[in-house]
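The values are calculated or read from the model by the stated rules, or taken from the named source; none is laboratory data. Bear in mind the structure is a predicted one, so any value in this text is a computation, not a measurement. Note that each Cβ is placed from the backbone with ideal geometry, even for glycine, and that neighbours are counted across all protein chains shown. Note: accessible area is taken over every heavy atom of the protein model, side chains too, but ligands, DNA and RNA are not part of it. Shrake-Rupley method; radii C 1.70, N 1.55, O 1.52, S 1.80 Å.
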Amino acid sequence: MAMKDLLKEENIKKAMDAFKAADSFDYRKFFDMVGLKAMSAESVKQVFKLLDVDESGYIEEEELKFVLKGFSSEGRDLTDKETQTFLSAADKDGDGKIGIDEFEALVHE
């Protein structure tokens, strides 16, 4: 399964264009723009599985840096600041990585 099977390609492109500049990434706006916020918990979890590149059940800091590339090959790397902000917002149990339920909760907060 590919990201474009779950989300509309035109929404992904709009979101990528909106956050092209370094330090402009806002996960709340991004989730809304790509259509994640409107998806069911189960569908959001399918997106998580595509972003969990090493299939560990978590999105670790290293994977998070490249999260936009998970939505589109055109995606840029997140800056260290953006990565930390995203990780801090999602990592509710403080283990330094984002679990599937933490990701779903962040999308729907």
Note to self: Let me test this: with uniform point scatterers at the alpha carbons of the chain, what is the Debye-based log₁₀ I(q)/I(0) at q = 0.15 1/Å?
What the structure shows: -0.55
Margin query: Please give me, ordered by residue number, the trypsin sites (Lys or Arg not before Pro) of region 8-78 that lie in loop per DSSP and have at most 15 other Cβ atoms within 10 Å.
Written below: LYS8, LYS20, LYS37
Notebook entry, point to check: Just the accessible area per residue of region 1-56, please: how many Å² with a 1.4 Å probe?
Noted result: 61
Checklist line | Net charge of neighbours whose Cβ lies under 11 Å from the Cβ of ASP52, counting Lys and Arg as +1 and Asp and Glu as -1 | finding: -1
